[in-house]
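The values are calculated or read from the model by the stated rules, or taken from the named source; none is laboratory data. Because the structure is predicted, anything quoted here is derived from the model rather than measured. Note: ideal-geometry Cβ built from the backbone for every residue, glycine included; neighbour counts use all protein chains shown.
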Amino acid sequence: MLDLPELTGPLVLASSQGALPIAAEDGREMLVRTATFGLGLDAENGSALMIYVVNAAPAVHLEDPAALPAVEGTEVPGDWQEQTVRDLTVSLPADLGEPAISEVGLTFRSGERRGSVMRHLLAVPSPYPLSAARHVARAEVPGAELAVAAVGPGMDALLTVSVTLHRGQETFSVQLHDVTEEEAPQLAHQLLAGLRLGD
């Protein structure tokens with residue numbers, strides 16, 4: 001939902017992403033291209049907002065995700081709240097507040113912390129993208145064919161902790177934004193401990 005002076009109402013976004021091999025001066029690289037389309041409709045006066053963004057940038061890719069170092073979840077804190085998106089169950093910090101619910105997932109914004117749980121219909125990428133990640137590892141999550149945890153740069157010198165789960169044509173993404181460098185490792189392990197995919 002948009003809440004702007006010019007427009008108040010739903011915003012629908014759709015994105016597609018592809019990786020294209022290119023020849024760089026120091027060898028072969030992958031160019032990641034992302035196209036995003038958006039349509040927002042004002043609930044009061046019928047005005048519309050249209051968005052079209054195309055971005056292309058080199059990215060690091062991993063030929064075999066199984067080559068990533070393996071990590072394990074620790075323990076879910078007692079005050080975390082359990083949420084469900086389709087058949088994904090995830091435990092999240094209580095300070096995220098109540099989620100905004102959409103057909104593709106949940107978004108959280110409470111105080112200085114933001115987060116999201118999203119479901120995408122995409123196959124496991126090969127080679128696997130590691131864009132903008134400082135630390136990457138794989139983990140075993142019940143029901144997932146592949147689980148990848150990453151810590152990367154966010155806004156205002158803070159970090160984003162994300163866990164991506166792959167199963168068949170489905171991809172689930174869990175993200176916690178606005179995380180400090182001290183919080184990031186612990187939050188990543190706690191997130192992993194509270195994840196499971198049902199049948």
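If you check E29, E25, E44, E75, which single one turns out to be at pLDDT 90 or above, on the phi < 0 side of the Ramachandran plot and either more than 21 Å from the chain's Cα centre (by Cα) or loosely packed, with under 10 Cβ neighbours inside 10 Å (or both)?
Sole residue among the options that is at pLDDT 90 or above, on the phi < 0 side of the Ramachandran plot and either more than 21 Å from the chain's Cα centre (by Cα) or loosely packed, with under 10 Cβ neighbours inside 10 Å (or both): E75.
Just to check your reading of the model, which residue among A94, A123, A144, A137 is touching a residue at least 60 places away in the same chain (Cβ under 8 Å) and not assigned by TED's automatic domain parsing to the domain that holds P21?
Matching residue, one of A94, A123, A144, A137: A137.
Does region 163-170 contain at least one residue that is of a type in the set (S, T, Y) and surrounded by fewer than 20 Cβ atoms within 10 Å (Cβ to Cβ)? So far as region 163-170 goes, no, none of its residues is of a type in the set (S, T, Y) and surrounded by fewer than 20 Cβ atoms within 10 Å (Cβ to Cβ). Report yes if V53 is modelled with pLDDT of 80 or more and closer than 23 Å to V104 by Cβ, otherwise no. So V53 fits the description; yes.
Filtered by the rule that a residue be farther than 22 Å from D156 by Cβ and at pLDDT 90 or above, region 172-199 gives F172, H189, Q190, L192, A193, G194, L195, R196, L197. Looking across region 42-91, the residues that are outside the structural domain of A24 (by TED's automatic domain parsing) and among the polar types (S, T, N, Q) come down to T74, Q81, Q83, T84, T89, S91.
Every test in (1) modelled with pLDDT under 85; (2) among the small types (G, A, S); (3) touching a His at 6+ places or on another chain (Cβ under 7 Å) is passed by A157 save one, and that test is (3).
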